[in-house]
Amino acid sequence: MLLHAFPLNARMWEPQLDLAAGGWRIIAPHFRGFDGGDAKPPIVAIDDYVGDVIDVLDSLHVHEAVVVGLSMGGYVALAMVRHTPRYLQALVLADTRPQADTPEGVDGRKRLIALAEKEGAGAIAAEMLPRLLGDTTLRARPAVVESVRGLVTSNSPEAIAGALHAMMTRPDSTALLPKIHIPTLVMVGDEDRVTPPAVAEEMHHAIGGSDFAVVPRAGHLSNLENVEAFNNALADFLAHRV
Ligand code: MLT
């Protein structure tokens, strides 16, 4: 079960669909309202996304899944650890953090909500791309930059604002980490400036027995910026730890 980042949507996981060749069944839902979906009822909390994810699993009769969450997807995965642990067979936390937003972070979210409502998804893409993508991608991978911009602009301002509200009200999950006893992989792009490697390493140390992989020459969207390294680390974890 692949859970996407903000402000993208599930199509960001297309480069990971190759893992199906290894015999894995892949489920990658859009969070509510993303990619032109129905944003009603509006999202108020990360737990609303958890409810939607569980509905997907239940409707497919999946009792247990390896949950891979990148960034906001990781916030949702950690909320699953809190509320619905029996659905988790293993966990991959990529380019994410357990901490809640700081007061400055909340102010930034409010500004982005106003921007989304006033100027739409294009303005959100212009604002966020330089932070989301690593220096190598910004310099040398124009096709990745444009494809991420396309993913962002296919989302409605309502879906974007809902996610911002959900993220800025999420609780701190740091205390949950030592209670995670399922196989876990922590991953991070070495050029990630949103959730830097030091944050990921701390999370890895707090989750006993977890694996750790640094994705080279990749920023916050490590699965898109260095597909080969991301997929190799994920495939290795799936083969040896799950
Ligand atoms: C994401 O990639 O999901 C977001 O950058 C996470 C965040 O803004 O906290």
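The values are calculated or read from the model by the stated rules, or taken from the named source; none is laboratory data. Computed from a prediction, not measured in an experiment: that's the story for all the values here. Neighbour counts are summed over all protein chains in view; Cβ atoms, including those assigned to glycine, are modelled from backbone coordinates with ideal geometry. Note: areas computed on protein heavy atoms with side chains; ligands, DNA, RNA excluded. Shrake-Rupley method; radii C 1.70, N 1.55, O 1.52, S 1.80 Å.
At a glance:
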| quantity | calculated |
| --- | --- |
| Amide H within-cut-off set for ALA213, under 5 Å, with H built and near neighbours excluded | VAL186, MET187, VAL188 |
| Solvent-accessible ranking of HIS4, HIS30, HIS63, HIS204, largest area first, probe 1.4 Å | HIS63, HIS30, HIS204, HIS4 |
| Anisotropy class of the chain from Cα gyration tensor, a/c 1.5 cut | rounded |
| Amide H contacts under 5 Å for GLY37, placed H, 5+ residues apart | none |
| For LEU88, residues with placed amide H under 5 Å, excluding near neighbours | ALA65 |
| Residues of region 1-144: accessible area per residue with a 1.4 Å probe, Å² | 44 Å² |
| Charged-residue dipole, Cβ positions (Lys, Arg, Asp, Glu), the chain about Cα centre, Debye nearest 20 | 140 debye |
| Heavy-atom accessible surface of the chain: percent carbon and sulfur, 1.4 Å | 55 percent |
